[in-house]
Structures are given as structure tokens and as C-alpha cells.
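What follows is a short report on a single structure.
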Amino acid sequence: MRYLTGLIFVSTFILIMVMIMKPSEVSENKTNLQEKTMAKVVVYTAVPCPYCVKAKNILKKHNQAFEEIDVTGDAAARMVMMTKAGGQRTVPQVFINDKHIGGADDLEALDKSGKLETLLR
């Protein structure tokens, strides 16, 4: 029941955010992210997951576009993630240019050390 309540809350929040953003803001933000990025970033996530939000926010702070793959209830996608991540089962799992970075804490450590910016360019 808690999971369902959390899922409904997150879904409602996302719906509200989409509704209040003007279409021009959405396309402008997407364009800005695409223009400023060069690295291919993939983030495996699940819902609800505060660490996933943390990882995505770090990437957004750097104006980095990324592909998000939600493994919630998707055993096949989770298996692909685990294979690529050397057996890691937790989310998020972040990959930059097909190199496994790790989770949100690993991404944050790279950000704080200044190494993330180099990886993203």
C-alpha cells in the first residue's frame, strides 16, 4: 500500500509539473541540454527512488542530457542493467559513454572532485 501511495504521489507531481510548464519551456530546455552535451549518459532508475532523483539532478545541474531507463517491474531491463553494472542490483546505475560510473553517491563524488565535468565533455 505504501508503494502504491508513493507511486501515486510521484505520478501526480510529475503530471502537475508537466501541466504548469509552457510548451516553449519544455522544448527550449530540451534544446539547451542537447546543445551543451557531448557524452552519452544512461541512468537506470526505479520509482520511487530518492537516489535516482539525486543522480538525475546532478546531471541536470551540468545541463547533461541523459537516457533514463526505468526498471520498475521490468525484470528484463533490470537484468540488462545488472549485466552492464557487474552484478549491481540497486538503482540508480549511471553509465557515461558506456563506462559504468556507479550510483548516486559515486556520481556525487565525481562531481565534488571536479572529475564529472571532464567525463561529460
Positions within the stretch 56-113 being under 14 Å from the mean Cα position of the chain (by Cα) and of a type in the set (Val, Ile, Thr), in sequence order = 58, 69, 71, 72, 90, 91, 94, 96, 101
query = Is it the case that the stretch 54-75 has a residue that's at pLDDT below 95 and assigned to a helix (DSSP H, G or I)?
reply = no
task = For residues that are of a type in the set (A, V, I, L, M) and over 19 Å from residue 40 (Cβ atoms), tally how many sit in the stretch 105-121.
result = 1
note = Going through the stretch 42-55 in order, the residues found to be within 10 Å of the chain's Cα centre (by Cα) and of a type outside the set (Ser, Thr, Tyr) are 42, 43, 46, 52, 53, 54, 55
inquiry  = Among the numbered criteria (1) without any contact (Cβ under 8 Å) to a residue 12 or more places away in the chain; (2) touching a helix residue (DSSP H, G or I) at 6+ places or on another chain (Cβ under 7 Å), which one does residue 74 miss?
reply    = (2)
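The values are calculated or read from the model by the stated rules, or taken from the named source; none is laboratory data. This one's a predicted model, so the numbers in the text were calculated from it and none came from an experiment. Virtual Cβ from ideal backbone geometry, glycine too; neighbours counted across all protein chains shown.
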